[in-house]
Amino acid sequence: MKPASFTYHRPGSVAEALKILARYGEGAKLLAGGQSLGPMLNMRLARPEHLVDLNDLIELDYVREVSGMIEIGALTRHHRLASSAELKWSCPLLSQAAATIGHYAIRQRGTVAGSLVHADPAAQIPLIAVTLGAEVVVQSSKGSRVVPAADFLQSIMTVDLKEAEMVTGLRFPMQGPDEGWAFEIFSRRHGDFAMASVAATLSLDGSGVLSALRLGLGGVGPVPLRMQEIEAGALGAVLDDALIKRLARQAADAIEPEEDALVPAVFRKELIETLTARALRHAVSKTGRVQ
Amino acid sequence: MTGDTTFSHIGKPLLRREDRRFLTGRGRYLDDIVLPGTLHVCFVRSPHAHARIIGIDAEEARALPGVIGVFTGRDLAEWTAPLRLAPPIEGLHPVEMTTLPIHKVRFHGDPVACVVAADRYIAEDAAELVSVDYEVLDAVVSADAALSQGAVLVDDSLPDNLVSHQSFSSGDVAARRAEADRTVEAKFQLHRHTHVPLETRGCMADWDAGREHLTMHIGTQVPHPLRSQLAARLRLEETAVTVISPDVGGGFGQKIALYREELTVAALSRHLRRPVRWREDRLENLTSASHARETLCRTRTSVRADGRILGLELELTEDFGAYCFYPANYMARVIAMILTGPYRISDYAFDVKVVLTNKCGNGPMRAPMAITSWVMDGTIDAVARELGLDPLEVRRINALRQQDLPFTMPTGEVLEDVTPLETLEAAAKAIDVEDFRARQAQAREQGRYLGLGICTVVESTTYGSEFYKAAGIPGSGHEAAWVRIEPSGAVNASVGLMGTGQGYETPLAQAVAEGLGVPPEVVKVHMGNTDIAPYGMGSRGGRGATAGGGTLFLCAQKAQKHVLEIAVGMLNLNDARGLRLKDGIVERMIDGAWVDTGISLADVARRAYLDPTALPEGVSPGLDISYTYDPPPMTYSNATHVCEVEVEADTGRVSIARYIVAEDCGTVLNPLVVRGQQQGAVAMGLSGALFEEVVYDESGQNLTATLADYLVATSCELPSIEIIEMNTPNKRTPAGIKGMAEGGIMGAIGSIANAVNDALEPFGVALEKLPLTPQSLRALMREKDQVTETVTEVRTGKE
Amino acid sequence: MTTAEAKSVSIVVNDETYDLMLDPRRLLSDVLREDLHLTGTHVGCEHGVCGACTILIDGRPARACLTFAVQMEGHEVTTIEAVSDGAELTPLQQALHQEHGLQCGFCTAGIIMTFEAYLQENPDPSEAEIRDVLSGNLCRCTGYQNIVSAVSKAAAVMRERGRE
């Protein structure tokens, strides 16, 4: 389990990294935290000619609030997301989900953009990005563009990243102070990728009527799924236990997980139903946290 | 051989002396040993489950800078002898294998060629360039498929894939069936496991062309038997091979056999006249080292209406994989022999089949008989379910009592000094079964499913030579030791065991200290080097304490006798009566009290080595004592495990609320080390029952080649384990030692499976198959459509 | 196949600077063990799961098997060999000894490195927090129970020392 040979590059700036990318095109692979790419290199499942180490780009390691959005630099480590007091307030769903990624040592190295670009449909960052409607900032030497996360993630391990482009940051909407939220994950062992996961945010008006809802499902399709139809159908109703059960059932009905020799599709549907109900209940319990 | 149960050093929880080096990163494992000029190998492995090797083209690989050579089965066949296993056992086919396959590969991961290069990176580069032309054959990937009419042969030299088949009957099971009130059938399917020592396999062979001597550095549980194998396969004298085992990062049974890769490396070192090393990577370890278990058992039990078992019949089929590194009947036979364990059963019959398939070969894994206690106590639970009886009562009515001992099991095994009913009562009391049932009933009303599982274990620990003889397996159960008191009074000792993490250095020093009469701190026990240690049978099963500790204890007693004989002369006495060595000082009994004679062990040693003419008549110089000891045919420890679980109805997740073991393993050398073994064994059993599974797809591809796929339990999945210690000494062993360390696996598998069944009782289902994955438990619950309204309600509704 | 050229790299390990010529693909775990002879860092899986090779990079735990040694130019690496300086074991090492928190010892260095860092960040962890962090290190011998109690004990000793 030793990687194949590669030429190592260590750009000192984003501009330099983009220049290297432009020069080597598809032969170049970006290395951030290396927690997903590392095993693939060691097993020779990935064998780039050029490995471009981004770890010197400390300018991409930030969490900051800019006009109502939380901007997160591409190289920000999961541990920072999980432990940032600021994020626990402004985007607690992301913070909580990040705290469940892999294990403590993995979170010290793994980066937010690395996880997004790796695009494992069972991973936390893609699910939260899709659920919250995050934007992805993509840059090349020719300029930058902003892509909604749901469009950026195209399929399993496939993203909207053209040759010589890199992700430099993500923008998450701030969560409202009275918004409820929850992240539910079911995995075989602590720290494993999700067999199914659910993220939700919601707002209730004074009489318990649902005024806003976001519902995202992970691990049950080629990309994380935002349940927009279910969300729209639920608005305006009182979010009682009957509605929670109905929404959970709708979520399970809306997905078509792949039949897998080890994990039958029906089991993933059951999990989604259970986790959705749990997520909605937990989210309700967290609404109105400012009061 | 016992009697004296008041020990000075045996039984003390001394902290382990090996800890310090491990805690500071100064342990010395195989890969930490460096020899200049060492070459590295990488094996080219079969991507197919079953294929004919048409040709191997290694030209491109050989041309790569840094590559020394690429070698195949044909090369190795010239330099080494094949392995032939043909013990005279009825129903067991003799088998033979070459060092590397020549004509065909038999499983996904089978080695076909070996690349030798300057380092592992280059070796892997070159291995990719070796092109093997295969003709893919059909593969048999289940025992059923392997036994079906016209199945392809895994081993072309055999008439069929049924490599071993034995039957046995004692008493009259047919008559018992006829007179029984009920016959209860049950099925138990234990899946394929693998050992996963944190340190993978590997070795470094160093051929000394001048001395024509091979030094094999390898983490092994059995240095001497390995040396015998290596010498024979390399066609060398046993004087020309030294095996040195450094610190070993776990074995669990995977480091016993001489594997084909290791023999290849040794042969290549001799061929190339260079040190050659192999570092097995984790992918190789998971796919190609050794697998274990995958056993299907069916029982048919004839019972009276009150739950008393009249007769028991067992059908067992083991999926053994593609190659026999051990006689194929070896593991399965032990299961069948000790199945009845804690219970008074005399009418018993078994039928045991072992089948070759296109998977990695099986070997013993911590508790080769792992399934036994699940089968027996799961059968008891099936009887209780069928008859509507309390499972605890069914155990009580069948359990062996003290007045039944010694008890000859139907297979002829004799149980003595065991306490299965006592451990059962102790464990049941500790968990408070009545209180649990009340909590269980209350929880069910809230839609929560608690379960309690009980499993009583009788663990075969130390296999004496007589057992092997009776089983028809060539081999010995004896062990050898020496104790040497050096001129300074320092005590060196050695034994044929080799630890793989158990912490032998401390308890074995305690055994020597006890026998000799010195503080344990002055004793150093040397293991793992075949030029230093005496020829012993190594570490396997639960023999370490009884065979290893027992032999050292007896050897040290003999050494004390020798010391006292010399002291007799120094004290001008007639004989050694009334003398003893205590804490390194010769003491004399005067007026009923032990008195310091002023002579120390160092004084005696000085005379023995430096002033031998002053020794008493007939006492030989030096203090170098050897001893060999053959334990009784078999020693047994026993335990009862009680496990409380909750099964989450809507996800199938199992969580363990409480885990208690009442264990009687006789005299223990060091309770700290024993507790560590008990906890570790239970943990491994639970991990296997809940998470681990080697999975092959229909074409024989191994789908669990990484540790992200072969799931070993983490700290978040395992409970703390409460242990109730019981210590009934074995009357027939030195110091009353029994041994342990595998029973924890047996009890864990049985108790958690029984607990989950208890939890699922309201669903009207009973599991027959492990592992207890959430998806498999959900499938069980889903299958039964007669699930009550409340259950459905719970699944989709409130938590 | 491309053979990359060896790169000149200067890395600081346990406060010592090493100037090395390295094939960039060489894993930090291999370079520590083979070039610097720091064999206390063990290699258990080479895909980041088992945690045996956990070391500190700039004081934070990381898998040495998922790191290339060339990446460490400009960073400080700490391995198990630097944890106890001289004769005295750290409270964590001492507690692991007293609680019988290790058997074969192969996973031990990775566990110590993880918790030497973690206990700086969280000096008073609950059992659940300890188990959460420990879940990144596989141990096949102990069942984790004694490791958990050792970490708890070490944390208490360290807090006590901090107060003195």
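The values are calculated or read from the model by the stated rules, or taken from the named source; none is laboratory data. The model shown is predicted, which means the values in this text are computed figures rather than measured ones. Note that we place each Cβ from the backbone using ideal geometry, even for glycine, and neighbour counts take in every protein chain shown.
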Answer yes if at least one residue in the stretch B:48-61 is of a type outside the set (A, V, I, L, M), surrounded by 14 or more Cβ atoms within 10 Å (Cβ to Cβ), on the phi > 0 side of the Ramachandran plot and part of a loop (DSSP other than H, G, I, E, B), and no otherwise.
no
Counting only strands (runs of 3 or more DSSP E) wholly inside the stretch B:593-705, the ones holding at least 1 residues that are modelled with pLDDT of 95 or more, of a type in the set (D, E, K, R) and buried (at least 17 other Cβ atoms within 10 Å of the Cβ) are B:634-647, B:654-664
The residue that is farthest from A:Val146 (Cα to Cα), considering only those in the stretch A:170-196 that are more than 14 Å from chain B (Cβ to nearest Cβ) and touching a helix residue (DSSP H, G or I) at 6+ places or on another chain (Cβ under 7 Å), is A:Gly180
Within the stretch A:248-258, restricting to residues that are more than 21 Å from the chain's Cα centre (by Cα) and within 12 Å of chain B (Cβ to nearest Cβ), the one that is surrounded by the fewest Cβ atoms within 10 Å (Cβ to Cβ) is A:Arg249
Does the stretch B:367-389 include one or more residues that are more than 19 Å from B:Ala332 (Cβ to Cβ) and in a loop (DSSP other than H, G, I, E, B)?
yes
Result of the Cβ filter at 9 Å on the stretch B:650-668, keeping first residues that are free of Cβ contacts under 8 Å to residues at least 12 places away in the same chain and partners that are surrounded by fewer than 24 Cβ atoms within 10 Å (Cβ to Cβ) and assigned to a strand (DSSP E or B), at least 6 apart or interchain, is B:Ser655/B:Glu646
The helices (runs of 4 or more DSSP H) lying wholly within the stretch A:59-129 that contain at least 2 residues that are among the polar types (S, T, N, Q) are A:92-98
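Being more than 30 Å from B:Gly550 (Cβ to Cβ) and within 25 Å of the chain's Cα centre (by Cα) is the filter here; which residues of the stretch B:608-655 pass it?
Of all residues in the stretch B:608-655, those more than 30 Å from B:Gly550 (Cβ to Cβ) come to B:610-614, B:617, B:642-655.
Hits for the stretch B:608-655 are B:Val642, B:Cys643.
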Taking the stretch A:197-212 and the residues there that are surrounded by fewer than 24 Cβ atoms within 10 Å (Cβ to Cβ) and touching a helix residue (DSSP H, G or I) at 6+ places or on another chain (Cβ under 8 Å), the one that is farthest from A:Arg246 (Cα to Cα) would be A:Leu204
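Yes or no, residue by residue, for (1) facing chain B (nearest Cβ under 9 Å); (2) among the aromatic types (Phe, Trp, Tyr); (3) not in a loop (DSSP other than H, G, I, E, B):
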site: C:His100; (1), (2), (3): yes, no, no
site: C:Gln103; (1), (2), (3): yes, no, no
site: C:Ala109; (1), (2), (3): yes, no, yes
site: C:Ile112; (1), (2), (3): yes, no, yes
site: C:Leu119; (1), (2), (3): no, no, yes
site: C:Ala128; (1), (2), (3): yes, no, yes
site: C:Gly143; (1), (2), (3): yes, no, no
site: C:Val148; (1), (2), (3): yes, no, yes
site: C:Ser152; (1), (2), (3): no, no, yes
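Looking at the structure I just gave you, is B:Leu672 within 14 Å of chain C (Cβ to nearest Cβ) and farther than 19 Å from B:Ala367 by Cα? Walk me through it before giving the result.
Values: within 14 Å of chain C (Cβ to nearest Cβ): yes; farther than 19 Å from B:Ala367 by Cα: yes.
It is true that B:Leu672 is within 14 Å of chain C (Cβ to nearest Cβ) and farther than 19 Å from B:Ala367 by Cα.
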Cβ pairs under 7 Å, 6+ apart or interchain, first in the stretch A:263-283 and facing chain B (nearest Cβ under 8 Å), second among the aromatic types (Phe, Trp, Tyr), ordered by first then second residue, are A:Leu271/A:Phe186
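Could you list, in sequence order, all residues of the stretch B:675-723 that are of a type in the set (Lys, Arg) and more than 10 Å from chain C (Cβ to nearest Cβ)?
Kept after step one, since they are of a type in the set (Lys, Arg), are these residues of the stretch B:675-723: B:675.
Those that are of a type in the set (Lys, Arg) and more than 10 Å from chain C (Cβ to nearest Cβ): none in the stretch B:675-723.
For every residue, the table says whether it meets (1) in contact with a Ser or Thr (Cβ under 7 Å, 6 or more places away or on another chain); (2) within 12 Å of chain B (Cβ to nearest Cβ).
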position	(1), (2)
C:Glu5	no, no
C:Ser29	yes, yes
C:Gly44	no, yes
C:Leu56	yes, no
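Within the stretch B:602-639, which residues are touching a Pro at 6+ places or on another chain (Cβ under 7 Å) and in contact (Cβ under 8 Å) with a residue 24 or more places away in the chain?
The first filter runs over the stretch B:602-639 and keeps only residues touching a Pro at 6+ places or on another chain (Cβ under 7 Å), leaving B:605-606, B:608-610, B:612, B:615, B:621, B:626, B:638.
Correct list: B:Ala605, B:Arg606, B:Ala608, B:Tyr609, B:Leu610, B:Leu615, B:Ser626, B:Asn638.
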Looking across the stretch C:7-27 at residues that are within 13 Å of chain B (Cβ to nearest Cβ) and among the hydrophobic types (A, V, I, L, M, F, W, C), the single one that is nearest to the chain's Cα centre (by Cα) is C:Val13
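If I filter the stretch B:4-26 down to residues being more than 30 Å from C:Val43 (Cβ to Cβ) and more than 26 Å from the chain's Cα centre (by Cα), which single residue comes out as modelled with the lowest pLDDT?
Taking the stretch B:4-26 as the starting set, the residues that turn out to be more than 30 Å from C:Val43 (Cβ to Cβ) are B:4-14.
When the remaining residues are screened for being more than 26 Å from the chain's Cα centre (by Cα), the result is B:4-9.
Working: B:Asp4: 50, B:Thr5: 56, B:Thr6: 86, B:Phe7: 96, B:Ser8: 96, B:His9: 97.
For the stretch B:4-26, the residue satisfying everything is B:Asp4.
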Of the residues in the stretch B:116-145 that are touching a Leu at 6+ places or on another chain (Cβ under 9 Å), within 14 Å of chain A (Cβ to nearest Cβ) and under 22 Å from B:Leu76 (Cβ atoms), the one that is surrounded by the fewest Cβ atoms within 10 Å (Cβ to Cβ) is B:Ala118
Note: among B:Glu717, B:Glu761, just one is among the acidic types (Asp, Glu) and either closer than 22 Å to C:Thr142 by Cα or surrounded by 22 or more Cβ atoms within 10 Å (Cβ to Cβ) (or both), namely B:Glu717
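Within the stretch C:62-75, can one find any residue that is part of a strand (DSSP E or B), within 13 Å of chain B (Cβ to nearest Cβ) and not basic (Lys, Arg)?
Our first condition is that a residue be part of a strand (DSSP E or B); within the stretch C:62-75, this holds for C:62-63, C:68.
Then drop every residue that is not within 13 Å of chain B (Cβ to nearest Cβ), which leaves C:63, C:68.
Next, from what is left, pick out any that are not basic (Lys, Arg): C:68.
Checked against the condition, which is being part of a strand (DSSP E or B), within 13 Å of chain B (Cβ to nearest Cβ) and not basic (Lys, Arg), the stretch C:62-75 yields at least one hit.
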Expected single match for within 30 Å of A:Leu213 (Cβ to Cβ), touching a residue at least 40 places away in the same chain (Cβ under 8 Å) and of a type in the set (D, E, K, R) among A:Glu59, A:Glu86, A:Glu65, A:Glu49 is A:Glu65
(1) within 26 Å of B:Gln229 (Cα to Cα); (2) in a helix (DSSP H, G or I) all hold for B:Ile532 apart from (2)
Reported set for the stretch C:85-97 where residues are farther than 22 Å from C:Cys139 by Cα and at the interface with another protein chain (Cβ under 9 Å from one of its Cβ atoms) is none
Those residues of the stretch B:768-784 which are more than 9 Å from chain A (Cβ to nearest Cβ), in a loop (DSSP other than H, G, I, E, B) and at pLDDT 95 or above amount to B:Glu768, B:Leu770, B:Pro771, B:Leu772
For the stretch B:25-41, the count of residues that are hydrophobic (A, V, I, L, M, F, W, C), within 11 Å of chain C (Cβ to nearest Cβ) and not in a loop (DSSP other than H, G, I, E, B) equals 1
Here the residues within the stretch B:42-68 that are within 30 Å of the chain's Cα centre (by Cα) and within 14 Å of chain C (Cβ to nearest Cβ) are B:Cys42
Picking from B:Phe168, B:Phe188, the residue that is more than 26 Å from B:Ser494 (Cβ to Cβ), surrounded by 20 or more Cβ atoms within 10 Å (Cβ to Cβ) and among the aromatic types (Phe, Trp, Tyr) would be B:Phe188
**Message:** Yes or no: the stretch A:10-20 includes at least one residue that is modelled with pLDDT of 95 or more, within 13 Å of chain C (Cβ to nearest Cβ) and part of a strand (DSSP E or B).
**Reply:** no
